[in-house]
Amino acid sequence: MIPAIRGTHDILPGDVEKWQFVERLARELCERYGYVEIRTPIIEREELFAKGTGESTDIVQKEMYTFTDKGGERVTLRPEATPSMVRSYIEHNLEHTMPAAKLYAMGPMFRYERPQKGRYRQFHQLDIEAFGMQDPAVDAEVIDLAWSLITGLGIPQAELVINSVGCATCRPVFQKALLDALGDNLGNLCGDCQRRSVTNPLRIYDCKVPADQPIIDALPHSIDYLCESCATHFTGVKTHLDAIGIIWRQSHRLVRGLDYYTRTTFEVLGQTLGAQNALLGGGRYDGLVKQLGGADKTGIGFAAGMERLVLALPESAPIAAPGRAFVVAIGEDGRAAAWQLIRELRQAGLPAQMELEARGVRAQMKRADRLATRVTLIVGGDELARGEVTLRDMARGEQRAVARDAVVTAVRELL
Ligand code: HAM
């Protein structure tokens, strides 16, 4: 046996229905909010993520699946979708053909992390990105879509956390204040924080080391250093959220682990996932399109971890497979008639099966039960002679004869 690679997993029947439920709602919501699907390659040039995700991030420093291909090119299995979406937006001139582009994508991402519940090396994201719009209403609409996904899935006790990390004007002022406040304490922080103080001081807020927390708790908050336009923007986002009754909590520690964020950042946290409690996260990245060689266009989006959404689904999630019909054949005549009948049902758009390898009636009935069949049709010599089949409504435990040419209609009514 050659087992699957650590941190990757098969999604088996029984679980895949949950995935389909999540994917169905995700697509439906994206379309409802005016997003259109885009599919980009899983493999990209390494430099796209080095520049896009950011050299100072854990993702680029430690977690990328990067290798040299047979042509000598350095390529990376995408660790996130945002840089690919931005690349595609620039490469295909979408700023002209789709002004105010609202795009979504779903698919696998790869990060070489330490696997644990809710954290994998191959995982899947729903990613949405909105380009070229600055109004706080856009931030609020993106957050509304994220929140609607959580509530639509019936995930209980989730919490929306928001923050603003400022822009190229006010961020440096805040960073300086942060480093000034740290002062001599910098040497008392963990090695990671000392490194972050040089590469991206905001990320000190990501630190989980217990001994560092008293020092970090005393540091200044980005929202107290926002320039006037960032402060107005953030107030606008909150006003728009309040107007539609979305409840948020502001946290100065929500700086997010990627380098490109400006202004609004947000996450939705779940209660059932232990340490990996972020169901989704995102924010605005107003400098990224330009940084990757495009026009000076703004962007905002989020990505939800599909594995985490599936794990957080409530027991009551409506994931039951749709009703099915099963045709039980008695004798050789019955088998020939059943063969025609399943074809007829399928052509009419109804899910129908029979036992293709000849079996006794009892074995066929057992299989109908195992498949959680909604309707069983029994086709045998006697019934056929009368131009009928027997229809058993498995949910109600009732049975009746139905004219052969009325079977499709009768089954359709029950499925
Ligand atoms: P991120 O916070 O790195 O953001 O990931 C978003 C979500 O993906 C997380 O909240 C989590 O649910 C899921 N996730 C991340 N890593 C793993 C993993 N190893 N195993 C399972 N699930 C995971 C981004 O990726 C940004 N591109 C989001 C974004 C889009 N920002 C703007 N636009």
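The values are calculated or read from the model by the stated rules, or taken from the named source; none is laboratory data. Every value quoted in this text rests on a predicted model; they were computed, and no experiment measured them. A quick note on method: Cβ atoms are made from the backbone with ideal geometry, for glycine too, and the neighbour counts reach across all protein chains shown.
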### Query
When the stretch 122-134 is examined, which residues are found to be touching a Lys or Arg at 6+ places or on another chain (Cβ under 7 Å) and either at positive phi or within 7 Å of the ligand (Cβ to nearest atom) (or both)?
G132
### Message
Looking at the stretch 26-55 only, could you name the residues that are out of contact with any Ser or Thr (no Cβ under 7 Å at 6 or more places or on another chain), within 14 Å of the ligand (Cβ to nearest atom) and closer than 10 Å to Y104 by Cβ?
### Response
A26, C30, Y35
### Message
For the stretch 155-200, give me each residue that is among the acidic types (D, E) and in contact (Cβ under 8 Å) with a residue 12 or more places away in the chain.
### Response
E159, D192
### Task
Quick one: in the stretch 98-116, of everything that is within 10 Å of the ligand (Cβ to nearest atom) and more than 18 Å from E37 (Cβ to Cβ), which residue is surrounded by the most Cβ atoms within 10 Å (Cβ to Cβ)?
F110
### Query
Residues of the stretch 360-394 being assigned to a strand (DSSP E or B) and among the β-branched types (V, I, T), which ones?
V375, T376, I378, V379, V389, T390
### Query
Do you know which residues across the stretch 395-404 are part of a loop (DSSP other than H, G, I, E, B) and among the hydrophobic types (A, V, I, L, M, F, W, C)?
A395
### Query
If only one of D69, D58 is closer than 19 Å to R119 by Cβ and either at pLDDT below 95 or surrounded by fewer than 22 Cβ atoms within 10 Å (Cβ to Cβ) (or both), which one is it?
D58
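Residues checked against (1) within 10 Å of the ligand (Cβ to nearest atom); (2) under 15 Å from T53 (Cβ atoms):
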site: R249; (1), (2): no, no
site: Y261; (1), (2): yes, yes
site: G274; (1), (2): no, no
site: R284; (1), (2): yes, no
site: E315; (1), (2): no, no
### Residue list for the stretch 286-300, restricted to those being among the small types (G, A, S) and more than 14 Å from the ligand (Cβ to nearest atom)
G293, G294, A295
### Query
In this structure, is D139 crowded, with 21+ Cβ neighbours inside 10 Å and in contact with a Gly (Cβ under 7 Å, 6 or more places away or on another chain)?
no
### Query
Just checking, which of V22, V75 is surrounded by 16 or more Cβ atoms within 10 Å (Cβ to Cβ) and farther than 30 Å from P322 by Cα?
V75
#### Entry: the stretch 286-313, residues that are charged (D, E, K, R) and in contact with a strand residue (DSSP E or B) (Cβ under 6 Å, 6 or more places away or on another chain)
D286, K297, E307, R308
#### Entry: Unique match (being without any contact (Cβ under 8 Å) to a residue 40 or more places away in the chain and hydroxyl-bearing (S, T, Y)) among T40, T68
T68
### Task
Scan the stretch 314-349 residue by residue and report those that are under 30 Å from R24 (Cα atoms), surrounded by 16 or more Cβ atoms within 10 Å (Cβ to Cβ) and touching a strand residue (DSSP E or B) at 6+ places or on another chain (Cβ under 6 Å).
A325, F326, V327, I342, L345
